[in-house]
There are 2 protein chains.
Amino acid sequence: MTPPLHLSLAGQAVDVLRELVLTGEIPSGARVNEVEVAARLGISRGPLREAIRHLASEGVLVLVPHRGAHVPTATAADVRALFELRAALECAAAELAATRRTEADVARLRAVCAESRRSYQAGERFPYQLDLAFHQALLDAARSPRIAEQVRLVQQRVVLLRSGLRDDPPHQRASLDDHDALVAAVAAADPARASEVMRKHLARVCSQMLTGLLGAEADAG
Amino acid sequence: MTPPLHLSLAGQAVDVLRELVLTGEIPSGARVNEVEVAARLGISRGPLREAIRHLASEGVLVLVPHRGAHVPTATAADVRALFELRAALECAAAELAATRRTEADVARLRAVCAESRRSYQAGERFPYQLDLAFHQALLDAARSPRIAEQVRLVQQRVVLLRSGLRDDPPHQRASLDDHDALVAAVAAADPARASEVMRKHLARVCSQMLTGLLGAEADAG
DNA sequence: GAACTGCCAACTGTCGACAGTTAACAACAT
DNA sequence: ATGTTGTTAACTGTCGACAGTTGGCAGTTC
């Protein structure tokens, strides 16, 4: 999907390790042994260490002095704090998108929404990839590179939390409606409404994720 | 001030290098030679490389493959994008602060404002440290660790831009008024007003910084 | 039986050295 | 004189090895 056109081994290691963590192949809470993973990737410990530090700065891994890196396990408070950050960023992005969007942006947003709804009705499931694509399209319309960059990092951590989370059709349906309302507000050039719709959308997603995680924790414990 | 109680050399190198860059000792646009700086810090290239990568992830340095790291030079578009991000974060923080602040938070904010005004009138100058202290106090009142973390990173980049920027008493006076208005809105538990005051405050700071930078560029060119 | 102490293995933190790439300089041809 | 090409020096990217620390285990003592 994303072109891994890095030259350095460290850059490649970042992509591979990130994928390993985000797909859950390295599960939440698991430790990352440097020599073991270095051997697995066929590189030395130097570049791998740089990759680990990089992913730690993204929040994909956490570092403990003299005890290496491990995949973080999130508490309910962590999730709420993360979604407060996400709301700050994406609400602002929604406002900017409502101000700066072109006709092409609106068309793209509508296309992603239509594709999402079609996919949902066809497979009775809302592919998360399309959800990401929608938010990405909104960020493109906002034309604020720094905000987009930060949202990408936050979404990455959200993906991390989602690993092993069961689907919830009613929630997916609500998200589809939220997206449509968001596009309408952006198309109408109504920043305040776009921001408010986004805030409610993210609040819903957050609470759904919290119940899902607490349920998973309850299942595990 | 901040306790540099890191254990690893890489951690110490991060602090030292950051200080070197933020104080302008390593000027904007300058390249960072690994062997040279490693010798200067009395450490090997390994830890220094990790420190450089870390600072690059913070935006304090930029990396170019096979050409090392250098201190970034900002364009007007970069400054605007950065302040869009800062506005997204700090407006949200202002809203949260207006919702969650305790009496102690308000007292602390008022104390910082009073100290700022006193310092301004005494020395005809508004120490930037007190400006940072005010925004920090507001973040404390917001009680959103993730947002606070991101604001800290953004402020760091703003400090980077400020290096070698002349003072502007009228602007400082306006900032003092903005801060007072912000405290009033937070004390009144008025999130919408707090957000709006913050937005205008940051817009003013941004435009002042742009004129200051463009003037500096004109002087240099 | 429980708690403390000393040892040991595993792992991280750090270092010095080698290989590959880049950019600048110089020599040459046009 | 200018454009091109070969050469070289400097620097980054990478590796393997050593040292210091941490956590666990066995042995001992109360």
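Below is a table of values for the structure above.
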{"read-out": "Closest approach to the axis - chain B beta-carbon, rotation onto A, Å", "value": "B:Ser57, 2"}
{"read-out": "MRE, 222 nm, helices only [DSSP H, n ≥ 4, -39500 (n - 2.57), over chain A, to nearest 500]", "value": "-25000 deg cm²/dmol"}
{"read-out": "Karplus-derived 3J(HN,Hα), 6.51/-1.76/1.60, for each residue of segment A:106-114, Hz, glycine and proline x", "value": "4, 4, 5, 4, 5, 5, 5, 4, 4"}
{"read-out": "The protein assembly as shown - Kirkwood radius from inverse mean 1/r over Cα pairs (Å)", "value": "23.7"}
{"read-out": "Under DSSP loop assignment and at most 11 Cβ neighbours within 10 Å, longest trypsin sites (Lys or Arg not before Pro)-free interval of chain B", "value": "B:68-165"}
{"read-out": "Size of charge dipole - segment A:47-130 - debye, nearest 20, with Cβ of Lys, Arg +1 and Asp, Glu -1, no other charges", "value": "140"}
{"read-out": "Cβ-derived FRET efficiency at R0 41 Å, A:Leu63 paired with B:Ser28, nearest 0.05", "value": "0.85"}
{"read-out": "J(HN,Hα) series, segment A:11-21, from Karplus relation 6.51 cos²θ - 1.76 cosθ + 1.60, nearest Hz, glycine and proline x", "value": "x, 5, 4, 4, 4, 5, 5, 4, 4, 4, 7"}
{"read-out": "Overall dimensions of segment B:76-220 by Cα: Rg and Dmax, Å", "value": "14.7, 48"}
{"read-out": "Inter-copy spacing of B:Glu149 label points, which lie 7 Å from Cα along Cα→Cβ, given in nm from shortest upward", "value": "1.8"}
{"read-out": "Ascending list, in nanometres, of distances separating the B:Glu196 label from those of the other copies (7 Å, Cα toward Cβ)", "value": "1.5"}
{"read-out": "Theoretical FRET efficiency, 1/(1+(r/R0)^6), r = Cβ-Cβ of B:Gln136 and A:Ala203, R0 25 Å, to 0.05", "value": "0.40"}
{"read-out": "Dipole of segment B:115-212, positive direction: furthest Cα of B:Leu160, B:Ala185, B:Leu132, with charges on the beta-carbon", "value": "B:Leu160"}
{"read-out": "³J(HN,Hα), Karplus 6.51/-1.76/1.60, whole Hz, each residue of segment A:24-41, x for Gly, Pro", "value": "x, 4, 9, x, 4, x, 6, 8, 10, 7, 5, 5, 5, 5, 4, 5, 4, 8"}
{"read-out": "Label spacing, shortest first and in nm, from B:Leu165 to its equivalents in the remaining copies (7 angstrom along Cα→Cβ)", "value": "3.8"}
{"read-out": "Other-chain or far-sequence residues with amide H under 5 Å of A:Ala30's (modelled H)", "value": "A:Val71"}
{"read-out": "Fully extended contour minus Cα-Cα distance, from B:Ala122 to B:Glu149, at 0.36 nm per residue", "value": "6.5 nm"}
{"read-out": "Per-bin percent of Cα-Cα distances, segment A:5-70 [5 Å]", "value": "4, 19, 32, 29, 14, 2, 0"}
{"read-out": "Summed side-chain charge close to B:Arg86 - residues other than B:Arg86 whose Cβ falls under 10 Å, Lys, Arg +1, Asp, Glu -1", "value": "0"}
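Just so you know, all these numbers are worked out from the coordinates, no wet-lab data involved. These figures come from a predicted structure and were not determined experimentally. All Cβ positions, glycine included, derive from the backbone under ideal geometry; neighbour counts span all protein chains shown.
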